[in-house]
Amino acid sequence: MNKTSAWPLALVYIGLIVYASLYPFSDWRDQGVVPWSFLWSAWPKYWTGFDLLTNVIGYAPLGFLLALSSLRGFRQSGAVGWAALGASLLSFFMETLQAYLPARVSSNIDWGLNTLGAWAGAALASILEKSGVLDHWSRFRRRWFVPQAHGALVLLALWPLALLFPAAVPLGLGQILERLEMSLAGLLINTPFLEWLPVRDIELQPLVPSAELLCVFLGALIPVLLGYVVVPSVVGRVFFVFLVIFSGIGVTALSAALSYGPMHAWAWLNLPAQAGLLFALVLGLALVFLSARVSAALMLLALGLYLSIINQAPTSAYFAQTLQAWEQGRFIRFHGLGQWLGWLWPYAAMAYVLARIGRQDLKTKIGS
């Protein structure tokens, strides 16, 4: 059985590539060309260094993760070649499907650069493995995490990415109630089932400062508790608390800078946000002696309260305007994926903890 986190991360990254390659998933049609005709078409007349660089860099992590998965579990020999081949086939399939999307253009140079990037990433994984660098990570992981930590590590790696998309409340993930209501109403329109939907007497009101404080506090504490499920040592937990808090602050500031401009990078860090982060840090340090099972149970309680609060917060007009600006930006193909991460991360974390909470490996004792 593969014990590395590289394989689940590779699956997540494949999903990202598929989403980015086929977005916006609309207006599919047969354009009267052979889907793979891009193979013998002329090189595009207009291209930029940014386009070339992103096509190489975009597939390098996939090649790295696929090769690492092979080196650590599935296949030792030819790992670089198999990883590059797998990534190249994925790129070819994406370019072929783009022939059915009028908004996208299939390109042989994109396919070639994607393959080159995947090969470079796979070669880097092989070099790091042979030089023993990855063994240091393996020893670090065995020292600081339980053996069954790969699922939690994937979720923790995705948490900062989920925070990158601008949120209506700092560290506010999982806000789906309003959009779910609108989607259901759209599906049930002109049907008798539309009357079954609950009707809200008044619109959602902005969170009061105390509720915003609690939301920020829980938004920071939840990944801390998730880490406690897989970090057994007290020393490791102390380091982890600071890592989560400062990562949350840094990524939220980056998101604000990308959304509203560099001058507004810290505009979100008002008094409720500062107090919430401070309380999360203090309580996180106070809870370092909890068992993994108690940490998981406490995380579920925190998630329930957190989601009930965040889904009572409305989407402000300025926030909606910000989302529109993201839609018009260079990274239009990625904004939807970031939003999905922001919507679904708390529910994925809840599903993960529920799946593990009754298992024997949560009975790990806390050590120093």
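Please treat every number below as a calculation from the coordinates, not as lab data. Since the structure is predicted, the reported quantities are computational estimates derived from the model, not experimental observations. All Cβ positions, even for glycine, are placed from backbone atoms using ideal geometry, and neighbour counts span all protein chains on display.
Below, the figures for the structure above:
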{"read-out": "Rg(Cα)/(2.2 N^0.38 Å) for segment 6-144, N = residue count", "value": "1.18"}
{"read-out": "Cα-projected label distance for LEU11 with ILE189, points at 7 Å along beta-carbon direction, nm", "value": "3.7"}
{"read-out": "Using a Förster distance of 35 Å, the FRET efficiency for TRP28-ILE357 (Cβ separation, nearest 0.05)", "value": "0.25"}
{"read-out": "Long-range HN-HN contacts of SER233 with modeled amide H, under 5 Å", "value": "GLY367"}
{"read-out": "Extended-chain gain in nm, criterion 0.36 nm per residue less alpha-carbon gap, LEU52 and VAL208", "value": "51.4 nm"}
